[in-house]
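What follows is a single structure, written as structure tokens, with notes after it.
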Amino acid sequence: MRKAKSLIVLALVFALAVACAQTTGSTAKSSISPVLDRIVQRGELVVGTAGSMPPLNMTTKDGRVIGIEPELARYMASSMGVKLLIETMHFHELLPALEAGKVDMVLSGMTITGRRNLKAAFVGPYFISGKSVLTKLKTLAGIRNPSDINSPQTRLVALKDSTSQLFVENVIPKAKLLTADNYDEAVGMLIKGQAHALIADYPICAVSVFRYPDQQFTTLVEPFTYEPIGIVLPANDPLLINWAQNFLVSMKGSGQLDKLRDRWIKNASWLKELPEVK
């Protein structure tokens, strides 16, 4: 009888040990890659973007989100074997949405900065940009130094919570700063004469010159700054970060990333698909 009881106790201890091991393994797995697990289990990659930053991301007249970043997102979803869902929102809402788990990653012309990197992980860059000026005034377009427009009489508009806003605040502090939720709104302020110039990444300024030929916009030949653009990921998922790093290495090494960028930069036929700003 005593031997039988010992065997029963031993069996119970073994079963408990196995259960604990399985629980520990499951917990370890979820703590290593919670977001990647969520993507795979849901069968869908949710990417946040502004949808108003051509040629990186833009929304067509019929509501499709196109551009370099949406196409890059499609490659990523395909490599994961899942569907892609693109969520558009104002630029300043993107990082909070990532932190809240509303999106799995952000692809939206977001510059890699030390301050942002304190809260989120960045992989890249996959695109290089720099601060420029979009204006109707020839005197502003010819500037070589931002200090030339550092005057209370100058009204500048920048995207809210962007590095362009920080650039104006830190480098051109005397100018009157206006902020916009998106670039269509910002360009509209230029068209209406509410601002003298838009401070934005060079591609945005260059595309706007061609997008609105009747407005006689002009921009700088060379940007003021160096702006590396990266994939923004949750800080708590090292496996997803590693996956994105390897994905980007493959895209660069195969030449696919260069081809993707060239399709949207060297061929501007997509401009006719965009709505007009009023």
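The values are calculated or read from the model by the stated rules, or taken from the named source; none is laboratory data. Since we're looking at a predicted model, the values are computed, not measured. Methodologically, a virtual Cβ is constructed for each residue, glycine included, from the backbone with ideal geometry; neighbour enumeration extends over all protein chains shown.
When region 155-191 is limited to residues that are among the acidic types (Asp, Glu) and closer than 22 Å to Tyr226 by Cα, the one that is surrounded by the fewest Cβ atoms within 10 Å (Cβ to Cβ) turns out to be Glu169.
For region 240-261, the condition of being surrounded by 13 or more Cβ atoms within 10 Å (Cβ to Cβ), in a loop (DSSP other than H, G, I, E, B) and not hydroxyl-bearing (Ser, Thr, Tyr) holds for none of the residues.
Taken over region 121-138, the criterion of being touching an Asp or Glu at 6+ places or on another chain (Cβ under 9 Å) and either of a type in the set (Val, Ile, Thr) or surrounded by fewer than 19 Cβ atoms within 10 Å (Cβ to Cβ) (or both) is satisfied by Pro125, Ile128, Gly130.
Checking every residue in region 218-230 against the condition of being among the polar types (S, T, N, Q) and more than 22 Å from the chain's Cα centre (by Cα) gives at least one match. Restricting Pro203, Pro238 to residues that are closer than 27 Å to Asp37 by Cα and not basic (Lys, Arg) narrows the list to Pro238. In the set (1) at pLDDT 95 or above; (2) in a loop (DSSP other than H, G, I, E, B), the condition left unmet by Ile143 is number (1).
Any idea which residue in region 97-120 is surrounded by the most Cβ atoms within 10 Å (Cβ to Cβ), counting only those that are free of Cβ contacts under 8 Å to residues at least 24 places away in the same chain and closer than 18 Å to Ile229 by Cα?
First pass over region 97-120, keeping only residues free of Cβ contacts under 8 Å to residues at least 24 places away in the same chain: 100, 114-115, 117-118.
Those left that are additionally closer than 18 Å to Ile229 by Cα: 114-115, 117-118.
Numbers: Gly114: 6, Arg115: 8, Asn117: 13, Leu118: 8.
Per the criteria, the residue is Asn117.
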